[in-house]
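Reviewing the structure listed below.
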């Protein structure tokens, strides 16, 4: 059975730091069934919206990495799942 999760990464600098390719690499290494990421603004803050779908184990592993590892030039304030 597949698990779907939405992850919202908010910060002062999460756009233009290769965040989406970074997350795509994580998704590919975990062989995620589906992965989508988009840069948006919410209340004038930079946000990366991520949708993932895969086994519960893979989704949990993705969330763990997305919540603890960030691109070098990024400035992340919070990660919501």
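No lab work stands behind these numbers, since they all come straight from the coordinates. For clarity, every value in this text was computed on a predicted model and none was experimentally measured. Because the Cβ atoms are built from the backbone with ideal geometry, glycine has one as well, and the counts that use them run over all protein chains shown.
In the set [x] 190; [y] 74; [z] 89, which value of volume of the Cα convex hull per residue in Å³ was calculated from the structure you see?
Matching the structure shown: [y].
At 7 Å along Cα-to-Cβ for each site, give me the label-to-label distance between residue 72 and residue 8 in nm.
Distance between label points: 3.1 nm.
In nanometres, what is the gap between the two model label sites at residue 33 and residue 81, each 7 Å from Cα along Cα-to-Cβ?
1.8 nm
Per DSSP helix of 4 or more residues, -39500 (n - 2.57); summed, then divided by the residues of the chain. What does that give at 222 nm, rounded to the nearest 500?
-9000 deg cm²/dmol
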